[in-house]
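These notes are about the structure you will find just below.
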4 protein chains.
Amino acid sequence: MRTIGVIGLGIIGGVWAKNYDAAGVLVGAWNRTAQPDFPQWKREASEVAEAAEAVQIVVADPPAVQSVLDAILPALGPGKVVVQSSTIDPESSERFLKQVTARGARYLEAPFTGSKTAAAEKKTVFFLGGDSVLVAEVEPLLALISETRFHIGTHQQATAIKLAMNLNIAVQMQGLSEALTFARKAGVSDETFFTVIKKNVSNSGLVTLKEPKLRTEDFSPQFSVKHMLKDMRLASRTRGCEEMPMLDTIRGCLHAAAQAGYADEDFSALIRLLGDKRG
Amino acid sequence: MRTIGVIGLGIIGGVWAKNYDAAGVLVGAWNRTAQPDFPQWKREASEVAEAAEAVQIVVADPPAVQSVLDAILPALGPGKVVVQSSTIDPESSERFLKQVTARGARYLEAPFTGSKTAAAEKKTVFFLGGDSVLVAEVEPLLALISETRFHIGTHQQATAIKLAMNLNIAVQMQGLSEALTFARKAGVSDETFFTVIKKNVSNSGLVTLKEPKLRTEDFSPQFSVKHMLKDMRLASRTRGCEEMPMLDTIRGCLHAAAQAGYADEDFSALIRLLGDKRG
Amino acid sequence: MRTIGVIGLGIIGGVWAKNYDAAGVLVGAWNRTAQPDFPQWKREASEVAEAAEAVQIVVADPPAVQSVLDAILPALGPGKVVVQSSTIDPESSERFLKQVTARGARYLEAPFTGSKTAAAEKKTVFFLGGDSVLVAEVEPLLALISETRFHIGTHQQATAIKLAMNLNIAVQMQGLSEALTFARKAGVSDETFFTVIKKNVSNSGLVTLKEPKLRTEDFSPQFSVKHMLKDMRLASRTRGCEEMPMLDTIRGCLHAAAQAGYADEDFSALIRLLGDKRG
Amino acid sequence: MRTIGVIGLGIIGGVWAKNYDAAGVLVGAWNRTAQPDFPQWKREASEVAEAAEAVQIVVADPPAVQSVLDAILPALGPGKVVVQSSTIDPESSERFLKQVTARGARYLEAPFTGSKTAAAEKKTVFFLGGDSVLVAEVEPLLALISETRFHIGTHQQATAIKLAMNLNIAVQMQGLSEALTFARKAGVSDETFFTVIKKNVSNSGLVTLKEPKLRTEDFSPQFSVKHMLKDMRLASRTRGCEEMPMLDTIRGCLHAAAQAGYADEDFSALIRLLGDKRG
């Protein structure tokens, strides 16, 4: 498989597409908001699907993926592969797979983790869901933009592990916010708190990543409240996972943060709901 | 300060006392349940306070600390130091300090983190709360049994940072349990889950520590449900921290686990409430 | 409109159908589990739709309604009315209305409240959603089996008010259970508790209805844990209502009750999770 | 017992004292903020205790009761009765009883329900905790200002039933707010919602009481967010009741409401956190 198109030229998709282009494999690019100067820009999403063997979709949520599929399904057929990299739920994944395979094309679920910086450094981590033959065919393309590719299992399992990671991250963020606020209320300095936690068994990469934001109250988004809320809602809609105590609580916190006007801030802004910085 | 006595010869206190004894500084040891063969055993807690310059208390909770103080206060006076290492709340710390200083003695709050193994390897981490002169006097003794000693600030701040760390740990444990259960319900293998999380920003020492327990369902206690529940209740009783969403949720989960019969199991047994191992 | 058929001959549907039959308007009845001796029994659901002007559906949940519609849609057309009385969510209601009206038939949303006893005494309360002309045409039939019929507004609004009532009831049940347990833990007798609450501003019909169950611990179902859990999940899936604090909590409690083995008991069995009857 | 003094001349205490005065039994009145023109005003709380056989205390919370007791204990002795009508927790009640009986006086726990209007109409409802002899002696005085007096049992049980009633009320208020918001988001009118709920099994006096506030968004206080939050915290501190799901949730909601600036509004202002009036 030698050619790929990218649909969804947001923060991450745009970086990937340029990396694909630099590697000489990009044959199409499309975005809901037109970016006519983008390499390999096509006026219609369907033209991307016509031009490329693999079509990678990276948009906001399941309804956005459905819109893209509605546009490109007529252009799909044997020999085509949809590489679905948006964060979606297992049920949506099943629905999308059926739509794509009904056209004779193939479907690879490929959610990912990693920031814009990671994408730029080709350090994205992919979670792949599909059969081994398909994974083997698509992997050389993904290898051009990523460092690690885990073959998780089925398409639904790939979506599940992505949601599981985000659940873990979101819960950790709120836990860290409450622990920091607890210490602050006693008058413990942030310097002391972070010095201590780095020696603690609960230290994680998230502490390192969010420490500057928490200390300076700079909530410019790396990953926004609204996106994390969307993901947690997807997790809660997953069959058998409707009632998980922390998942319910973190959804409630993210929703309250969005209501309080922090929807577009980094999800570390959760700490804002815990009251004044100093007790 | 050259002599110390230990009151509370449980899993950790017993190890410390033996390390003090090996270093030649232990002059008294007492425990509610008699251990007459223990080095420097005293029949009464008050005899420990009479024999030692520093009396280190490491018992279950604030009422247990109060019982010990009731017994030893008459033996305290100028020149004596109480080193309080049980996990307690800021308000109790204030009350204990007043009782001790009213006798002319001094009070150092010294909660800690670290397992029995860490204690045996002298790798306990202490959070010290008290004035610098007192810390400087007591630290050489604590250095005999520990690797790291953070001077946090006041006695109340030392209790607060300890509770904050446990809050963070407890929340992480439940978050990890939900994330793992979420993945399992989709049929993702534990092997895959832990391989993936180790590359994730949410990876922490707690993942490494609890992975074997979660995978083998061996919930023999490192730190029990009932002890973590006790600590989370102390946190919730702290002024200004009565309503924190995750803290409330984790207390509810720990309480439900205790009710379900898991009070004496490791707190990783929280995952048991999330349903069958496989969805 | 003079003839009606009933699909779903459960506890309530069976009573209604017999009342319709006694009134001489029943021309068809069908149930997933065959009841060939039932008045006007038809072998296929579609035969009910062929025989009757109005087809009233009263089954478990949206997927069950969809199954019924799949079977009867071919038999629907101008002149036919689907009267949908199962508890469903607004989104499902919209979908069902579209399917029915696409066949040229009309769709009346008609959820209800009231127990089996109420149904037998023709005291069911209906919440009607649809245009006034349709309501006026169908109401004479519904009047044969019910006491009160509220015209709520649109089809979606009728489903919403039904879910809102059940949300209120479920929350009240858990609140009452906690209040009673709180009093019991202090050793207050049930006799005293219920005497007092009947003079309190929080007294409601639910207290009267559930007092005997709570006092005798007879959790034989009037409305089961699993059905209330299903309804609360529908409520949580409703757009804009995904995060309501009590709704999230009551779902968690109902789920925990189901997991603990009480799925088929009355939803007053929620109190079982609050520990021993006596503190 | 023929004479009574009142300490705490707030909204309710002031009305009671005037009713006692009208009945000719008031011999002392005191309030933290001086009201020198009040009938039987005394400059010191202790003078009230000196003048009256029964001293009724109605202040904000356990610390406020303790302050009053600190002032009047020296004036107490055989023949005196403390009638404690503030909302407190069982543990505080036990402590206060011990302090009073240590002086040779007697202690009657007498929390109540009822608004200012109810107090003015002598329709207060008392929950009495103490032995029957004491209740019989004090009851004629209380009968001058109240309609109903339940003899609950012990002093601790009287506090428990009061907290249990408030728990039930607070949970109902939030449940009602969510149900109303759920209906509003679907566009159901408030008129329809309240018409329907009044025929529903979940209808209660609280619906009648709060309907005007909810419909007009008039959150002037009948019972404030901060007072209800205080009571729910007392409930959560009660041994054996630390983790009740709805209690934890309602504390969280009340706390969030206080943080959002609604501390002094009526607790029906809880609905403000659920978003815009119209979806």
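Taking A:Val188, is it touching a strand residue (DSSP E or B) at 6+ places or on another chain (Cβ under 6 Å), without any contact (Cβ under 8 Å) to a residue 24 or more places away in the chain and among the hydrophobic types (A, V, I, L, M, F, W, C)? No, not satisfied.
Report yes if some residue within the range C:238-254 is at pLDDT 95 or above, surrounded by fewer than 22 Cβ atoms within 10 Å (Cβ to Cβ) and of a type in the set (A, V, I, L, M); otherwise report no. Among the residues of the range C:238-254, not one is at pLDDT 95 or above, surrounded by fewer than 22 Cβ atoms within 10 Å (Cβ to Cβ) and of a type in the set (A, V, I, L, M), which makes the answer no. Of the residues in the range A:193-202, at least one is part of a helix (DSSP H, G or I), in contact with a strand residue (DSSP E or B) (Cβ under 6 Å, 6 or more places away or on another chain) and either of a type outside the set (Phe, Trp, Tyr) or within 30 Å of B:Phe112 (Cα to Cα) (or both). C:Val201: facing chain D (nearest Cβ under 9 Å) and among the β-branched types (Val, Ile, Thr), yes or no? Yes; evaluated as a whole, the condition is true for this residue.
Residues that are of a type in the set (A, V, I, L, M), surrounded by fewer than 24 Cβ atoms within 10 Å (Cβ to Cβ) and touching a residue at least 40 places away in the same chain (Cβ under 8 Å) within the range D:65-91 comprise just one, D:Val81. The set of residues in the range A:157-173 that are within 13 Å of A:Thr238 (Cβ to Cβ) and either of a type in the set (D, E, K, R) or facing another protein chain (nearest Cβ under 7 Å) (or both) comprises A:Gln157, A:Ala160, A:Ile161, A:Lys162, A:Leu163, A:Ala164, A:Leu167. Looking only at the range D:146-156, residues that are facing chain C (nearest Cβ under 7 Å) and either without any contact (Cβ under 8 Å) to a residue 40 or more places away in the chain or within 23 Å of C:Gln157 (Cβ to Cβ) (or both) come to 4 in all. Is it the case, given these coordinates, that C:Ala160 is out of contact with any helix residue (DSSP H, G or I) (no Cβ under 6 Å at 6 or more places or on another chain), at pLDDT 95 or above and small (Gly, Ala, Ser)? Judged against the criteria, C:Ala160 is not a match.
For B:Thr208, the conditions (1) surrounded by fewer than 21 Cβ atoms within 10 Å (Cβ to Cβ); (2) facing chain A (nearest Cβ under 7 Å); (3) polar (S, T, N, Q) all hold with the exception of (2). Exactly one residue out of D:Leu270, D:Leu254 is in contact with a Cys (Cβ under 6 Å, 6 or more places away or on another chain) and within 26 Å of D:Val59 (Cα to Cα), and it is D:Leu270. Among the residues of the range C:174-192, those identified as facing another protein chain (nearest Cβ under 7 Å) and assigned to a loop (DSSP other than H, G, I, E, B) are C:Ala186, C:Gly187, C:Val188. From the list A:Glu211, A:Glu147, A:Glu217, the one residue that fits, being closer than 30 Å to A:Pro63 by Cα and of a type outside the set (Phe, Trp, Tyr), is A:Glu147.
For the range A:251-269, how many residues are under 20 Å from C:Leu254 (Cβ atoms) and touching a residue at least 12 places away in the same chain (Cβ under 8 Å)?
Count: 1.
Among all positions in the range D:39-58, there is at least one residue which is closer than 19 Å to D:Ser93 by Cβ and either in contact with a Pro (Cβ under 8 Å, 6 or more places away or on another chain) or polar (S, T, N, Q) (or both). Just wondering, is there one or more residues in the range B:148-157 that are hydrophobic (A, V, I, L, M, F, W, C), within 13 Å of A:Asn200 (Cα to Cα) and surrounded by fewer than 24 Cβ atoms within 10 Å (Cβ to Cβ)? Within the range B:148-157 (the criterion being hydrophobic (A, V, I, L, M, F, W, C), within 13 Å of A:Asn200 (Cα to Cα) and surrounded by fewer than 24 Cβ atoms within 10 Å (Cβ to Cβ)), the answer is yes, since at least one residue qualifies.
Name the residue that is nearest to D:Gln66 (Cα to Cα), counting only residues in the range D:5-23 that are in contact with a helix residue (DSSP H, G or I) (Cβ under 7 Å, 6 or more places away or on another chain) and not in a helix (DSSP H, G or I). So the residue we want is D:Ile7. Screening C:Ala105 against (1) on the phi < 0 side of the Ramachandran plot; (2) out of contact with any Pro (no Cβ under 9 Å at 6 or more places or on another chain) leaves a single unmet condition, (2). Residues of the range C:236-271 that are more than 16 Å from C:Pro221 (Cα to Cα), of a type in the set (S, T, N, Q) and assigned to a helix (DSSP H, G or I): C:Ser236, C:Thr249, C:Gln259.
Scanning the range D:222-237 for residues that are within 9 Å of chain B (Cβ to nearest Cβ) and of a type in the set (A, V, I, L, M) yields a total of 1.
What pairs come up if the first residue lies in the range A:22-43 and is closer than 21 Å to A:Ala120 by Cβ, the second is β-branched (Val, Ile, Thr) and part of a loop (DSSP other than H, G, I, E, B), and their beta carbons are under 7 Å apart, counting only those six or more places apart or on different chains? Pairs found: A:Val25/A:Thr3. Checked against the criterion of being at pLDDT 95 or above and under 26 Å from B:Glu47 (Cβ atoms), the candidates B:Ala136, B:Ala71 yield just one match: B:Ala71.
The residue of the range D:238-279 that is nearest to the chain's Cα centre (by Cα), among those that are within 13 Å of chain B (Cβ to nearest Cβ) and polar (S, T, N, Q), is D:Thr238.
Can you confirm whether the range C:92-105 contains a residue that is crowded, with 20+ Cβ neighbours inside 10 Å, modelled with pLDDT of 95 or more and closer than 30 Å to C:Leu209 by Cα? There is no residue in the range C:92-105 that is crowded, with 20+ Cβ neighbours inside 10 Å, modelled with pLDDT of 95 or more and closer than 30 Å to C:Leu209 by Cα.
Scanning the range B:225-275 for residues that are among the polar types (S, T, N, Q) and closer than 23 Å to B:Leu209 by Cβ yields a count of 2.
Yes or no, residue by residue, for (1) over 17 Å from the mean Cα position of the chain (by Cα); (2) under 19 Å from B:Val201 (Cα atoms); (3) at pLDDT below 95:
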residue: A:Thr192; (1), (2), (3): yes, no, no
residue: A:Thr208; (1), (2), (3): yes, yes, no
residue: A:Thr216; (1), (2), (3): yes, no, no
residue: A:Leu229; (1), (2), (3): no, yes, no
residue: A:Arg233; (1), (2), (3): no, no, no
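The values are calculated or read from the model by the stated rules, or taken from the named source; none is laboratory data. What you are looking at is a predicted structure, and each value in this text was computed from that prediction instead of being measured. Note that we place each Cβ from the backbone using ideal geometry, even for glycine, and neighbour counts take in every protein chain shown.
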